[in-house]
Amino acid sequence: MPDRIRIVVTGKGGVGKTTLTALIAHHFAKRGRRVLAVDGDPQQNLAATLGISPDRPIVPLADRKEYIEEKIGSGPGRGGLMILNPDTADVVDRFGVPAGENIRLLVMGGVKNAGSGCLCPEYTLLSAVLRNAAALPDEVVLLDTPAGLEHFGRAVAQGFSLALIVSDRSYNAISVAGELRRLARECGIRETVLVVNRVEQGTDYQALREKHGAGFSSVRFIPADPCIARHEPSVLPVIEEGCPVTEAVRALVRGILAGM
């Protein structure tokens, strides 16, 4: 059973990455694991999905100018020089938000021009946090990403060892999943798992696995569940009611703990 688990959750927009990230976080936490959920999506929906009140203000890391200046060193009177690999070991203790028993949330925030060679202080800091994810104190770190891996590709590759690539059964989503698998492998992420979400009852899982699973470490299926839409944005009622999706996520977590 691995002591440190570092997972990036990626996929085409709209396939359920944030919901899956929140469900996985709560299932790890129920097993007694200390979880850090990192919201890397500029839309910043993970807090509400985890069950934090939408009325609670959370300042994203990209907007914490004093911390950025402290760590990166770029600011008035410093000549524009930046520390490119700052020590960010204290970031969770300083800015992690409690999101349930054994769960903390770190909201990254949006960065203009991310992924296009940007060397702005905000991007430099956020990249350092992800690159050094292995050194964070939490046993499980989950990164919910925007669509694709482009924003923090190299940093994610250095800090994370497992990519859950989420798709539904649509042609576009499956095509994007295949491209993300290629990108993840090129970046050096060792394991890539295809998670097919919203699968209708009666679907031939084996046929889907044979058709779309080539090149992935494994393929997992999450059933279509009206509980998700009925209770959104929070997944807490979904877990409390024992909705069908929870057993599939519980099995996914067991697989991750067993090394897939």
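Quick notes on this one:
- Those helices (runs of 4 or more DSSP H) of segment 26-123 that lie entirely within it include none in which at least 3 residues are at pLDDT 90 or above and polar (S, T, N, Q).
- First in segment 174-192 and farther than 19 Å from L252 by Cα, second anywhere and crowded, with 16+ Cβ neighbours inside 10 Å and of a type in the set (K, R), Cβ under 7 Å, 6 or more apart: V176/K12
- Scanning segment 193-214 for residues that are of a type in the set (V, I, T) and closer than 15 Å to L252 by Cβ gives V193, V195, V196, V199.
- Of the residues making up segment 225-243, not one is surrounded by fewer than 16 Cβ atoms within 10 Å (Cβ to Cβ) and under 19 Å from Y205 (Cα atoms).
- Within segment 128-177, restricting attention to residues that are part of a helix (DSSP H, G or I) and under 16 Å from H212 (Cβ atoms), the residue that is farthest from the chain's Cα centre (by Cα) is Y171.
- Scanning segment 193-241 for residues that are among the polar types (S, T, N, Q), more than 17 Å from I256 (Cβ to Cβ) and not in a loop (DSSP other than H, G, I, E, B) yields a total of 1.
- Filtered residue count, segment 14-39, keeping only those that are within 20 Å of L126 (Cβ to Cβ) and out of contact with any Gly (no Cβ under 9 Å at 6 or more places or on another chain): 4
- Test result for I189, at pLDDT below 95 and either surrounded by 16 or more Cβ atoms within 10 Å (Cβ to Cβ) or within 17 Å of the chain's Cα centre (by Cα) (or both): yes
- Within segment 8-25, if we keep just the residues that are out of contact with any Ser or Thr (no Cβ under 9 Å at 6 or more places or on another chain) and of a type outside the set (G, A, S), the residue that is farthest from R182 (Cα to Cα) turns out to be I24.
- Output for segment 19-60, where each listed residue is in contact (Cβ under 8 Å) with a residue 60 or more places away in the chain, touching a helix residue (DSSP H, G or I) at 6+ places or on another chain (Cβ under 7 Å), surrounded by fewer than 22 Cβ atoms within 10 Å (Cβ to Cβ) and under 24 Å from T88 (Cβ atoms): N45
- Residue match in segment 154-169 (condition: over 23 Å from L105 (Cα atoms) and in contact (Cβ under 8 Å) with a residue 60 or more places away in the chain): yes
- Selection over segment 200-223 of residues that are surrounded by 11 or more Cβ atoms within 10 Å (Cβ to Cβ) and either over 21 Å from the mean Cα position of the chain (by Cα) or not hydrophobic (A, V, I, L, M, F, W, C) (or both) gives a count of 14.
The values are calculated or read from the model by the stated rules, or taken from the named source; none is laboratory data. The structure displayed is predicted, hence computed values, not measured ones. Cβ sites come from the backbone with ideal geometry, for glycine too, and all protein chains shown count toward neighbours.
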